[in-house]
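Input: a single structure, listed below in structure tokens.
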Amino acid sequence: MGSGPSSSSSHPTLTSSSSSTPNTIIHHDLYKQAREEFDTRYGTPTTFSLNYRDFQIIRPLGRGAFGSVKEVKYAREPVPDYLQSHDNPSKSYHVALKIINKKSAHKMKQEEHVVNEKRILQSLHFPYIIRFYFSFKDNSNLYIGLELIEGGELFRHLRDCEKFEEKKAKFYSSQIILALEYLHLLGIVYRDLKVRE
């Protein structure tokens, strides 16, 4: 996630009030509630007692500049509540595990970015943004457990049909717009928007 606070402080801050943006899609009360929830989660990061051996690797999902993403399944009992899927019980305990190599992140001077990304992901709560489940680290890697989305990349769907019908284009773009507006109202800039994500 190429995101970061819009100010130079260690905590994202608002760049403008919702009253100065009358065309805002998200209602002011919902924004206020979202902001309060974000601030609470950002100010009190949760710690998780997990390690890599707690998971069974299912399949690789992708690679990035300094890490990889794998579908994994939590393989121990009892299963923590935060890993139980109420929407899709058959997929309970399955997550996308982002594995970030510490040496590579250090070499590319990205440690601060990685920590910031983790804290922001942990603090967000919005229907069109991937859900954060947990994070932990060991001597070599930082691990971030995220919601597993089965649909694949938007790019693959676009490539298969060459162009979207207007109805489908509106469906996808409205979700993207709402997610970006939510981030912007929190003072967060997403800098990695592309159809391959």
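The values are calculated or read from the model by the stated rules, or taken from the named source; none is laboratory data. All values derive from a computational prediction rather than experimental measurement. Cβ coordinates were reconstructed from backbone atoms using ideal geometry, including for glycine residues, and neighbour counts include every protein chain displayed.
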Checklist entry - Among 142, 158, which is the only one that is more than 13 Å from the chain's Cα centre (by Cα) and farther than 25 Å from residue 38 by Cα? => result 158
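Rundown of residues vs (1) touching a strand residue (DSSP E or B) at 6+ places or on another chain (Cβ under 7 Å); (2) among the polar types (S, T, N, Q); (3) modelled with pLDDT of 90 or more; (4) under 23 Å from residue 83 (Cα atoms), yes/no style:
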site: 24; (1), (2), (3), (4): no, yes, no, no
site: 27; (1), (2), (3), (4): no, no, no, no
site: 30; (1), (2), (3), (4): no, no, no, no
site: 33; (1), (2), (3), (4): no, yes, no, no
site: 36; (1), (2), (3), (4): no, no, yes, no
